[in-house]
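Q: To start, I am sharing the structure in question, which I have written as structure tokens.
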Amino acid sequence: MLTELHDRQLTGESESHLHLFGQRGTLVHKDVCLPLQSLFSAAADDGFSLQIASGFRSFERQQAIWQAKFLGTRPLLNHDSQPLDITTLSESEKIAAILHWSALPGTSRHHWGTDLDIFCSLQQGEQPLRLEPDEYALGGPQHSTYLWLREHAGKFGFFWPYNKYRGGVAEEPWHISYGEIAEQALSQLTSTKVMDALTRNQVIGLAHLGPQIEALMVKYVTNVAHWPKNEH
């Protein structure tokens with residue numbers, strides 16, 4: 001039986017469930033370190049130098065992203081990655097536009113330390129990494145890395161929660177998740193726990209989020225692919 005994450009670990013307000021991984025010292029869930037190292041070693045054997053673009057992300061960091069987008073100091077994009085004019089959007093439209101690309105603080109899977117944005121440094125070369133779908137599609141610098149991961153990542157317990165667009169979060173071919181722990185964490189996360197975290201941290205837009213939180217959780221948090229246990 002896995003040890004359940006407590007509420008502040010679930011919402012990214014605590015780092016007590018994490019360990020440093022790799023030479024760059026990325027924080028990941030302590031029980032993900034070994035399977036992740038096995039995945040990286042297998043990739044290296046086949047010529048892929050995997051790197052973590054993003055591992056654990058704290059509530060504070062997610063809140064900074066949220067606030068910048070909510071206030072318009074960071075670009076807000078439509079589904080085609082084109083800039084939106086924030087002055088033309090209602091509060092609900094603004095929230096939907098943010099959540100298409102970025103998680104609401106307290107709901108990010110990166111809070112759990114189970115989810116990672118992955119790329120191959122050798123394949124990327126000198127090009128700046130943008131973490132956009134075209135980089136992982138045919139003709140993109142990460143396409144061969146993605147194909148390798150699709151074939152092998154499941155053997156080590158990883159899967160893609162955002163493997164396609166389901167009407168909520170955009171497809172994220174760079175985002176892998178350690179299924180066993182992530183599935184348990186997702187089952188523990190409730191709208192009440194999220195609202196408690198949002199309120200504690202005085203997240204901007206709280207008055208608009210409260211009445212919608214149940215619907216937002218369904219559309220953007222639980223509306224994902226689930227771990228295919230038989231692949232592990």
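Q: Among what's in region 147-170 and is part of a helix (DSSP H, G or I) and in contact with an Asp or Glu (Cβ under 9 Å, 6 or more places away or on another chain), pick the residue that is surrounded by the fewest Cβ atoms within 10 Å (Cβ to Cβ).
A: Taking the candidates together, the pick is K155.
Q: State the number of residues belonging to region 84-126 that are touching a residue at least 60 places away in the same chain (Cβ under 8 Å) and at positive phi.
A: Selection size over region 84-126: 2.
Q: Any residue at all in region 124-132 that's of a type in the set (G, A, S) and modelled with pLDDT under 95? Write out each step before concluding.
A: Here is the first cut: in region 124-132, the residues of a type in the set (G, A, S) are 125.
Then drop every residue that is not modelled with pLDDT under 95, which leaves 125.
Yes; the residues of region 124-132 include at least one that is of a type in the set (G, A, S) and modelled with pLDDT under 95.
Q: Return yes when L39 is aliphatic (A, V, I, L, M) and farther than 25 Å from V28 by Cβ and no when it is not.
A: In short, no.
Q: On to the next question. Show the residue pairs meeting these rules: Cβ distance below 8 Å; 6+ apart or different chains; first residue within region 171-194 and assigned to a helix (DSSP H, G or I); second residue among the acidic types (D, E).
A: Close Cβ pairs satisfying both conditions: I181/D31; A182/D115; Q184/E4; Q188/E4; S191/E214; K193/D7.
Q: Could you please find all residues in region 31-64 being assigned to a helix (DSSP H, G or I), surrounded by 16 or more Cβ atoms within 10 Å (Cβ to Cβ) and polar (S, T, N, Q)?
A: Our first condition is that a residue be assigned to a helix (DSSP H, G or I); within region 31-64, this holds for 33-45, 59-64.
With surrounded by 16 or more Cβ atoms within 10 Å (Cβ to Cβ) added as a condition, the list becomes 33, 35-36, 39-40, 42-43, 59, 61-63.
If the condition is that a residue be assigned to a helix (DSSP H, G or I), surrounded by 16 or more Cβ atoms within 10 Å (Cβ to Cβ) and polar (S, T, N, Q), then Q62, Q63 are the ones that fit.
The values are calculated or read from the model by the stated rules, or taken from the named source; none is laboratory data. Quantities reported herein were computed from a predicted structural model and do not represent experimental measurements. Using ideal geometry, Cβ is built from the backbone for each residue, glycine included, and neighbour counts are taken over all protein chains shown.
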